[in-house]
Amino acid sequence: MLRALPFVLLGLAGACGDGASGSDDAGTPGDDAAETPPDAEPEVEDDGGAPDEGDDDAAGDDGAADVSSWDGDVPDLPYLDKDEHVASCMRTRACFPENPQQLATCTAAFAHISGREVGYTLAEVTRCVNAAGTDCEAVRGCLTNGEPPTACVPLSTPDRCDGTVLRQCSRASALDFVFDCARIGLGCFLASDGTAMCGLGTCDPDAFRWTCRGDTVVSCDMGVISLAQCDVAGLHCVEDGTGGRCAGGGAACTEASDPRRCDGTRILGCIAGSSADIDCSLVVPRWTCGDVEGTAGCVAPGTECRAVPLFGSDIDESCDGEAVVSCLDGWVESLSCTALGLGPCEVLSPGRAARCTVP
């Protein structure tokens with residue numbers, strides 16, 4: 001969500017994408033987070049967090065009036081952990097054999113959603129899934145808020161808000177993904193594009209003033225008051241006369257006076273009006289600094305394969321004994337099933353995807 005924030009300029013393609021909230025991993029948010037085809041390059045935003053022009057306001061289910069700024073407190077949102085995310089993807093795939101997608105469609109999502117609305121929603125779901133272990137009934141319950149599974153029609157069933165409860169139709173399972181936004185201190189609201197999302201209220205993008213709460217920016221995204229964790233991208237929330245934004249946090253600068261550049265794994269240079277020093281290996285573990293359409297950004301270090309959310313990877317997944325062979329961080333890697341207490345790997349027909357089984 002929050003398309004204008006400068007997460008994308010770090011190379012995290014799709015973190016500020018087209019507003020897709022994502023529920024394509026058998027109901028797990030994340031696979032839909034960036035609908036970028038495998039041969040596309042990341043976009044680079046450089047507006048320092050200014051709200052998008054042309055976004056329309058949207059009222060939530062409660063019909064609350066739009067507000068021009070947020071003066072209240074914000075909840076302490078959970079952070080998505082990469083290792084926990086990968087483990088959750090593997091457990092979810094094992095418990096949803098009807099999902100034909102590659103494991104990479106889920107694991108590749110971390111860099112695109114961390115710190116965003118989908119990311120902290122998924123962080124809560126991830127903890128639930130990993131705590132469930134190999135209990136598939138419990139895993140499925142994590143994705144339905146404990147409700148019985150409800151069938152839906154992908155791309156046809158609209159997103160809904162039932163009070164604070166968000167409902168989205170999963171393309172992979174044709175079941176509703178259900179999440180109570182109140183679990184992370186938020187409400188459920190419908191954005192101007194019809195996407196249900198967790199937020200603080202509704203707003204007018206043309207009038208709303210963005211503000212900082214520590215290193216979290218409170219913004220107006222498609223008519224919903226939303227939060228983004230600037231520190232997840234190695235940035236800081238900076239507030240001045242124009243409002244709050246995710247920025248480098250150092251001395252004032254311009255792109256001309258201090259252009260972005262790589263120094264090993266670090267990005268140096270001007271981001272959204274202030275200098276930055278960002279270690280990409282901390283933003284996304286194992287990643288490095290590299291070229292993203294002519295500017296410095298965080299990129300996957302491997303060159304053996306490429307994976308993006310929803311579309312998967314450019315290799316066929318397979319089995320290496322008990323482990324799933326998949327694309328992760330640009331490398332072809334074996335991900336152990338038994339280390340998670342899961343059963344051995346199996347290849348799904350027609351041979352593009354592989355998954356762990358349930359013991």
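If you go through the stretch 320-335 one residue at a time, do you hit one that is within 15 Å of PRO97 (Cβ to Cβ), of a type outside the set (Val, Ile, Thr) and touching a residue at least 12 places away in the same chain (Cβ under 8 Å)? No.
Kindly provide the set of residues from the stretch 96-154 that are over 28 Å from VAL224 (Cβ atoms), aliphatic (A, V, I, L, M) and part of a loop (DSSP other than H, G, I, E, B), ordered by number. Matches in the stretch 96-154: LEU103 only. Applying the set (1) more than 14 Å from ARG91 (Cα to Cα); (2) in contact with a Cys (Cβ under 8 Å, 6 or more places away or on another chain) to ASN145 leaves exactly one unmet item: (2). Here the stretch 251-296 is the region considered, the condition is being in a loop (DSSP other than H, G, I, E, B) and among the hydrophobic types (A, V, I, L, M, F, W, C), and the residue that is nearest to the chain's Cα centre (by Cα) is VAL284. Within the stretch 308-322, restricting attention to residues that are crowded, with 17+ Cβ neighbours inside 10 Å, assigned to a strand (DSSP E or B) and modelled with pLDDT of 95 or more, the residue that is nearest to the chain's Cα centre (by Cα) is SER313. From the list GLY248, GLY243, which residue is within 26 Å of the chain's Cα centre (by Cα), modelled with pLDDT of 95 or more and among the small types (Gly, Ala, Ser)? The conditions single out GLY248.
Tallying residues that are under 21 Å from VAL153 (Cβ atoms) and under 17 Å from the mean Cα position of the chain (by Cα) within the stretch 179-190 yields 1.
Of all residue pairs spaced 6 or more apart or on separate chains, those with beta-carbon atoms under 9 Å, a first member in the stretch 238-260 that is closer than 21 Å to ASP291 by Cβ and a second member that is surrounded by fewer than 19 Cβ atoms within 10 Å (Cβ to Cβ) and hydrophobic (A, V, I, L, M, F, W, C) are ASP258/ALA251. For the stretch 161-177, name all the residues that are farther than 20 Å from PRO75 by Cα and without any contact (Cβ under 8 Å) to a residue 40 or more places away in the chain. Of everything in the stretch 161-177, those that are farther than 20 Å from PRO75 by Cα and without any contact (Cβ under 8 Å) to a residue 40 or more places away in the chain turn out to be ARG167, ALA174. Within the stretch 323-342, track down each residue that is surrounded by fewer than 16 Cβ atoms within 10 Å (Cβ to Cβ) and in contact with a Ser or Thr (Cβ under 6 Å, 6 or more places away or on another chain). Result: GLY341, single match. Among the residues of the stretch 323-354, the ones that are under 19 Å from CYS136 (Cα atoms) and not in a strand (DSSP E or B) come to 7 in all.
The values are calculated or read from the model by the stated rules, or taken from the named source; none is laboratory data. Here the structure is a predicted model, which means the values were calculated and not measured. As a convention, Cβ positions derive from the backbone with ideal geometry for all residues, glycine included, and neighbour counts pool all protein chains shown.
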